[in-house]
Amino acid sequence: MATKISSPPAAADAMPTSKVLGDVDLLGEILRRVDSPSTLVRAALVSRRWLRAASARDFLRRFRALHPPRLIGFYVSGDCVPRPEFVPMPAPAPPHPPDRELSAAQRRASTRSGFDAFPEFSSTVWDCWDGRVLFDFTETVHGSRRFGVRDPLRHPDRGVTELPPPPPTWPQPECPHAMLFPDDSDGDAACYRLHLRHSGATVSATVGVLRSGAWSVHCSAEAVLPAPPERIPMLTTLAAGKIYTVAVAGYVLGLDMAAARFFVVELPAGVAYEYYGNLVPCRGGGGGGSALYLVHLKGDRLCVWLRRRMDEHGAGDGEWVLRDAVSLRETCGHLVEQGLEPAAGHAAVASVVGVGDDAKFVFLELHASGVFVYMHFGSRKVEKVYQRDPDNDEITLVYPCSMAWLPVFPALLDEGESEPEPLREEKVSS
């Protein structure tokens, strides 16, 4: 005769669960392990307690470190590229299952970027961050140059948000040195505009910030540099409130925006700027940390240098550390029939055309073939991702595009309602 097994009382069964999920620290550890920001938003719908835990600033910082935004593709832009083009990253090969969320994001970026609305050779990308793309454009080839932003991942139907022109009293109103999205350290800024001037050893800068639809001067600075730069190419990055740009004088020129002060970071031993694309800075610390990366290419040797623990003036006890060193002949030689030889008119075999945050990956152009290669440093994975037009001999750059971050959480409802009433799902934007 079979023994009937009775279920335990529901209240007794729920007690251990409520003890775990009622502990804020344990709940945070559970939420950290969901697989993506969109899943985190769905988990936040359970109750206000879950929403508060999931949207806390410290929690989101740890969550991002564990689940960095995924690369969905890149924008190709340059003087001889008719229009900026979004190129999706190749789909994962079997046996990996298709990633529907990633595919949907790639479709939105591909079809909603909006560059087809502009004439050929009239728009150029300046920055791409958090799924948004910042670019200049004209309505005619010789028209007045303006700047705009598209956010195809969050707002695919919104169109171009045109930025207002800077005040007429600002220097070089149509020719900034850099246009940059803010990183995580300045949440209310929409965009930074850097005007940089130098004469001999004297350098000066004006940084404008766009907030609430209006430009204002964020900071101005002037300094006499230890060695006059031959030139200051447009190789600039922003990290933790500091702007870094390569100077052809053996150092990286930094600008601390909060202190309105220049500082100099000497290059590692044996590292030098030789041509556009052999020395590229990139932001570190997940977009908001006090770390600076340099990607350096000499011959076929590709190196990643890391400098940590910089103080508010860019100095500190951190020294340059060689994080990675890769031979292009060993890693990329099998991808091209021409081999890794300099192209006609080039002395170098390759150029760095794009870098991911924390220098986790890099895009290279192999000069002899015009092939663009994606390389992930951690896995040493390399693959062809783009082919340059053979009639285009101008500098062409890549701007990596990742999934949007931060997650967009629903607003809290009436605070007087009792826990754990679910939040209304239609309030969510993911």
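Any read-out appearing in this document is the output of simple, stated calculations on the displayed coordinates, not a laboratory observation. None of these values were measured; they are calculated from a predicted model. Cβ sites come from the backbone with ideal geometry, for glycine too, and all protein chains shown count toward neighbours.
Per-residue extension of 0.36 nm, minus the Cα-Cα distance of Ala411 and Val336, leaves a gain of 21.8 nm for this segment.
The phi-based Karplus calculation (6.51 cos²θ - 1.76 cosθ + 1.60; θ = phi - 60°) puts the 3J(HN,Hα) values of region 117-124 at 6, 9, x, 4, 6, 10, 9, 9 Hz, whole numbers, x for Gly and Pro. Converting phi to 3J(HN,Hα) with the Karplus coefficients 6.51, -1.76 and 1.60 and the offset θ = phi - 60°, region 176-183 yields x, 6, 7, 10, 9, 6, x, 8 Hz in sequence order, with x at every glycine or proline. All alpha carbon pair distances within region 157-272 were sorted into 5 Å bins beginning at 0; the resulting P(r) in whole percents reads 2, 11, 22, 23, 19, 12, 7, 3, 2, 0.
Taking 0.36 nm per residue of separation and subtracting the current Cα-Cα distance, fully stretching the chain between Val217 and Ala348 would add 43.1 nm. In region 44-162, Cα pairs under 8 Å separated by at least six residues give a relative contact order of 18 percent.
Applying 1/(1 + (r/R0)^6) with R0 = 35 Å to the Cβ-Cβ distance of Asp23 and Glu266 gives a FRET efficiency near 0.10.
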